[in-house]
Amino acid sequence: MNSEHAIAIIDDSSSVRRALESLLRSLGFVVLSFESAEAFLTSPVVRETSCVVTDVEMPGLTGIDLYERMRSDKNQTPVIFITANSEEKVRARLGSTPCILNKPFEVDELAACINQAIAAP
């Protein structure tokens with residue numbers, strides 16, 4: 001049941017956050033929304049999320065910076081990246097990491113990435 005899984009959305013665009021919130025709630029997920037990586041990292045729920053969906057390019061800490069900070073803090077929560085940039089640029093920096101979705105993406109693509117991430121041991 002998806003309501004057992006909290007998904008954190010991190011994006012500096014309020015319209016993107018609202019759209020993702022609506023979409024993920026319609027799929028039955030609990031949604032936590034943050035306007036920056038810094039806001040997420042200082043939140044008390046940082047280790048209680050099942051999955052993080054983050055934009056790559058944001059002011060301050062980028063999505064990649066967030067991922068690296070989480071891993072250095074031993075936080076293994078799955079991270080899904082959404083980007084308007086080339087996927088290859090992101091993969092070049094991160095290697096073979098989690099799901100990377102190019103904007104615009106299909107609802108089914110995001111749902112599949114999240115379901116795969118939360119199903120992983």
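Go through the range 31-46 and give me each residue that's over 13 Å from the mean Cα position of the chain (by Cα) and within 23 Å of A111 (Cβ to Cβ). Across the range 31-46, the qualifying residue is only V45. The single residue among T83, T49, T54 that is closer than 24 Å to D108 by Cα, at pLDDT below 95 and surrounded by 17 or more Cβ atoms within 10 Å (Cβ to Cβ) turns out to be T83.
The values are calculated or read from the model by the stated rules, or taken from the named source; none is laboratory data. In this text, all values refer to a predicted model and were calculated from it rather than measured experimentally. Backbone-built Cβ (ideal geometry, glycine too); neighbour counts: all protein chains shown.
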